[in-house]
Amino acid sequence: MLGVPRDADGQAIKSAYRHRAKTAHPDSGGDVETFSKLKASYELLLDPVRRKIYDDTGFDPQLTDAKDLEGLMMLDALVNDIILDERQPGSFDPVAAMRRKLTDRIVNTRFHILELERHRGRIRNHMDRIGRRPESDVLGRMLSARCDAIADAMSKAEAEIKVIEQAYSMLEGYSYELDAEMPKAAE
């Protein structure tokens, strides 16, 4: 949009913006939408955090849906795993490995939710069996608070599953070319 190189500094970005804004501004006969995109690009490039995220992912954190950003953060961790993997490129499928790790996380999170539900059921069973003191129900309030905490944990786990599913969907369309035949180890 601004026509600056990838490593342009703040001064070069400002200069390019001012130059383009002269003709792109609606008061100078420019298009409102084009000027809006120009201004958004300028603001993105001047913010070092947004710029880094955009350079690394192609997403602007201020304009991207939070769900996409959370998925990107999850994929970023998986990309780090690929970088640290010592196996030879072409000898394994890192995209399939990322999908497996995401699937495993969903399965583990679902088991965690089932375990939380089991605990909550036990607490409720205790609550039904404990006789209440007429003046204050300290135990009832404590057990009820535990049930609420478990419900919050379950909600967080369900939200995590949605993020994992978003990250998984971001991998759609990717494939990886494996080497046809890997050299065999010397016997």
Rounded to one decimal in nm, the spacing of the 7 Å Cα→Cβ label points at SER28 and ASP55 is 2.8 nm
HN-Hα J couplings of the stretch 136-149 from phi, Karplus 6.51/-1.76/1.60, θ = phi - 60°, integer Hz, Gly and Pro as x?
8, 10, 4, 4, x, 5, 5, 5, 5, 5, 5, 4, 5, 5
Counting only backbone N atoms under 13 Å from a point 7 Å out along Cα-to-Cβ of ARG87, the residues of the stretch 143-184 in range are 176-179, 182
Specify, per residue and in Å³, the volume enclosed by the convex hull of the alpha carbon atoms belonging to the stretch 122-182.
121 Å³
Compute the distance in nm between two label points, each set 7 Å from the Cα along the Cα-to-Cβ direction, one at HIS119 and one at ASN80.
2.6 nm
If one takes the longest principal axis of the Cα atoms in the chain, at what angle in degrees, from 0 to 90 and to the nearest 10, does the Cα axis of helix 10-24 lie?
70 degrees
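Take the alpha carbon atoms of the stretch 62-148, find their radius of gyration, then divide it by 2.2 N^0.38 Å using N residues; give the quotient.
1.86
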Stokes-Einstein D for the chain, Kirkwood Rh over Cα pairs, 4 °C, 1.567 mPa s (µm²/s):
59 µm²/s
Can you compute the label reach from LEU143? Point 7 Å from Cα along the Cβ direction, backbone N cut-off under 19 Å, restricted to the stretch 77-121.
116-121
Cα extents of the stretch 10-88 along the three principal axes, largest first, in whole Å?
56, 27, 20
On Cα atoms only, tilt of 94-129 relative to the major axis of the chain in degrees
30 degrees
Could you work out how far helix 48-57 tilts from the main Cα principal axis of the chain, as a 0 to 90 degree angle to the nearest 10?
90 degrees
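Exactly which GluC sites (Glu not before Pro) in the stretch 91-138 are in a DSSP loop and have at most 16 other Cβ atoms within 10 Å?
Listed in order of number, the matching sites are GLU135.
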Cross-link list LYS67/LYS101; LYS37/LYS101; LYS37/LYS156; LYS39/LYS162; LYS101/LYS156; LYS39/LYS67: which exceed 30 angstrom alpha carbon to alpha carbon?
LYS37/LYS101; LYS37/LYS156; LYS39/LYS162
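Only the coordinates and a few stated rules stand behind these numbers; no lab work does. Predicted model only: the values in this text are computed from it and were never measured. Cβ sites come from the backbone with ideal geometry, for glycine too, and all protein chains shown count toward neighbours.
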